[in-house]
Amino acid sequence: MAEEAEQPTVATVEEPFDLVRLSLDEKIYVKMRNDRELRGRLHAYDQHLNMILGDAEETVTTVEIDDETYEEIYKSTKRTIPMLFVRGDGVILISPPMRANVG
């Protein structure tokens, strides 16, 4: 019985957390509850999706109703945070960095 040569480990995604693991030290996008969005470099995470983001930019979108026309007015507020702890129970979505296919 011939044994197969061991293949080099390739970065594959077999479970959801693999995608997060492969995004370590990369810029990611995180959609949070209450119309908050974060972009930042993922430094660490745990099984609850608590995360540490560096160089984070938070965008908060609010909706106001115009008193005269009753139209919805969307306003976005941005701020930069050097180091941010994100509590995992507020996370809705995590998007890994965009990778360009070259060649």
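Tallying residues that are among the aliphatic types (A, V, I, L, M) and open to solvent by less than 40 Å² (accessible area, probe 1.4 Å) within the stretch 50-63 yields 4.
From the list 21, 36, exactly one residue is surrounded by fewer than 17 Cβ atoms within 10 Å (Cβ to Cβ) and closer than 14 Å to residue 97 by Cα. Which is it?
21
Of all residues in the stretch 72-92, those satisfying the criterion of being over 16 Å from residue 56 (Cβ atoms) and in contact (Cβ under 8 Å) with a residue 12 or more places away in the chain are 74, 75, 89, 92. For residue 89, the test of being among the acidic types (Asp, Glu), open to solvent by 80 Å² or more (accessible area, probe 1.4 Å) and assigned to a loop (DSSP other than H, G, I, E, B) is failed.
The values are calculated or read from the model by the stated rules, or taken from the named source; none is laboratory data. Because the structure is a prediction, the values reported are computed rather than measured. Cβ: placed from backbone, ideal geometry, glycine included. Neighbour counts: every protein chain shown. Heads up: the accessible areas ignore ligands, DNA and RNA and are worked out on the full protein's heavy atoms, side chains in. Shrake-Rupley method; radii C 1.70, N 1.55, O 1.52, S 1.80 Å.
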